[in-house]
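K.L.:
Sharing a structure here in structure tokens format.
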Amino acid sequence: CRLDTIGYSVQGRLLLALKISDKVIRNEDEPEFLYTSTMHGDETVGYVLLLRLADYLLTQYGQGTQEGVRVSNLIDNMEIWINPLANPDGTYRLGGDTTVSNARRYNFNGVDLNRNFPDRINDTVNTGNGRQPETRAFMEFARKHNFTLSANFHGGAQVVNYAWDNGTPSGTYSMCPDDQWFIRLSRKYATTNPDMMNGGFTNGITNGCAWYAIYGGRQDWIYWWHGGRETTIELYNTKNPP
């Protein structure tokens, strides 16, 4: 396990990512997978769960149990990246670094980071110029890697959301080239969670634009410009539970 700084927030907090692999100091010819969470600072469930996931992977690795063998196989044959907190200024808005009770959605500048990425429809210049430091840092991080698959954890609903997130008009299904693949993947994840299956969405999944359209979202950006397949997973109806 190696801890990397991928950038800095507006207030200078570290944007951190863990690399978990069998040879962390090497860039191996292996699939790269990214878990990331809490780019909306008040959606904290994924933040905690990704810390627990990192601990689970590292403590199970090398164990002779069925779980240990499965985890070891993943770590030996992939490069797994975990970014638990993509918007620390929003999460620790008023509490220094000691409480998330006053967390808010936006970064310190009041910007929704999931509306700040280049967009294939209405913001087609793929540069970091004029964007928030958290956005620029992630864009550079993604440019240095080849994330085959990624999941971006949010809160406020219970559903797996897949591309496209944008289209016209809002509420209309916006089909991407890998539509059927995304449906199969999303259902595979949703069916592991009874709460998600009962979250009010058919099969626990939704096309992003069919739910509501957004522009400048990260999953569409990484798919359109980098060929990475990302889903936005809404983990829990309450954004910032006790």
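K.L.:
I want the local charge near residue 145. Using Cβ-Cβ distances under 15 Å, sum +1 for each Lys or Arg and -1 for each Asp or Glu among the other residues.
P.N.:
On the way: positive: 2, 19, 26, 143, 144, 218, 229; negative: 4, 28, 29, 30, 32, 79, 140, 230.
Around residue 145, the charge tally is -1.
K.L.:
So, one more: In µm²/s, what is D for segment 36-192 at 37 °C and 0.692 mPa s, where D = kT/(6 pi eta Rh) by Stokes-Einstein and Rh is the Kirkwood radius from Cα pairs? Write out the running numbers ahead of the final one.
P.N.:
Details: Rh = 17.9 Å.
My calculation gives 184 µm²/s for D.
K.L.:
Ranked from highest to lowest mean number of other Cβ atoms within 10 Å per residue, what is the order of the peptides 166-173, 18-25? Intermediate results must be reported in sequence, preceding the final value.
P.N.:
Details: 166-173: 13.2, 18-25: 16.1.
Top to bottom by mean Cβ count within 10 Å: 18-25, 166-173.
K.L.:
Residue 24: net charge of surrounding residues, Cβ under 9 Å, Lys/Arg +1, Asp/Glu -1, itself excluded? Don't jump to the answer; show the numbers that get you there.
P.N.:
On the way: positive: 2, 19, 23, 26; negative: 22, 79.
Residues near residue 24 contribute +2 overall.
K.L.:
So what is Rg over Rh here for segment 121-183, counting just Cα atoms and using Kirkwood for Rh?
P.N.:
Values: Rg = 14.3 Å, Rh = 14.5 Å.
Taking Rh as the inverse mean 1/r over Cα pairs, Rg/Rh reads 0.98.
K.L.:
Just subtract the alpha-carbon distance of residue 109 and residue 3 from 0.36 nm times their residue separation and send over the number in nm, one decimal.
P.N.:
Values: separation 106, 0.36 × 106 = 38.16 nm, distance 2.66 nm.
Result: 35.5 nm gained on full extension.
K.L.:
Compute the distance in nm between two label points, each set 7 Å from the Cα along the Cα-to-Cβ direction, one at residue 67 and one at residue 195.
P.N.:
Distance between the two pseudo-spin positions: 1.9 nm.
K.L.:
Quantify, in whole percent, the carbon and sulfur part of the accessible surface of segment 126-242 (1.4 Å probe; protein heavy atoms only). Let's see the in-between values first.
P.N.:
On the way: 2670 of 5320 Å².
Carbon-and-sulfur percentage of accessible area, whole number: 50.
K.L.:
Next question, about the same structure. For residue 138, what accessible area in Å² do you get when you roll a 1.4 Å probe over the heavy atoms of the protein chains, rounding to the nearest 10?
P.N.:
Answer for residue 138: close to 10 Å² accessible.
K.L.:
If the reach is capped at under 26 angstrom between alpha carbons, list the lysines near residue 239, excluding any in the same chain fewer than eight residues apart.
P.N.:
188
K.L.:
Cut-off under 20 Å on the C-alpha distance; same-chain residues fewer than 8 positions from residue 19 excluded. Which lysines are left, in chain and number order?
P.N.:
Hits, sequence-local ones excluded: 144.
K.L.:
Next question, about the same structure. Tally Lys/Arg at +1 and Asp/Glu at -1 over every other residue whose Cβ is under 14 Å from the Cβ of residue 223; what's the total?
P.N.:
Numbers: positive: 120, 218, 229; negative: 119, 165, 178, 179, 220, 230.
Within the 14 Å Cβ shell, the charges total -3.
K.L.:
Could you tell me the distance between the Cα centroids of segment 50-86 and segment 149-201, to the nearest Å?
P.N.:
Cα centres, segment 50-86 to segment 149-201: 24 Å.
The values are calculated or read from the model by the stated rules, or taken from the named source; none is laboratory data. Just so it is clear, the structure is predicted and the values come from calculations on it, not from any experiment. Reconstructed Cβ throughout: ideal geometry from the backbone, glycine too, with neighbour counts over all protein chains shown. Keep in mind that these areas ignore ligands, DNA and RNA; they rest on the heavy atoms of the full protein, side chains included. Shrake-Rupley method; radii C 1.70, N 1.55, O 1.52, S 1.80 Å.
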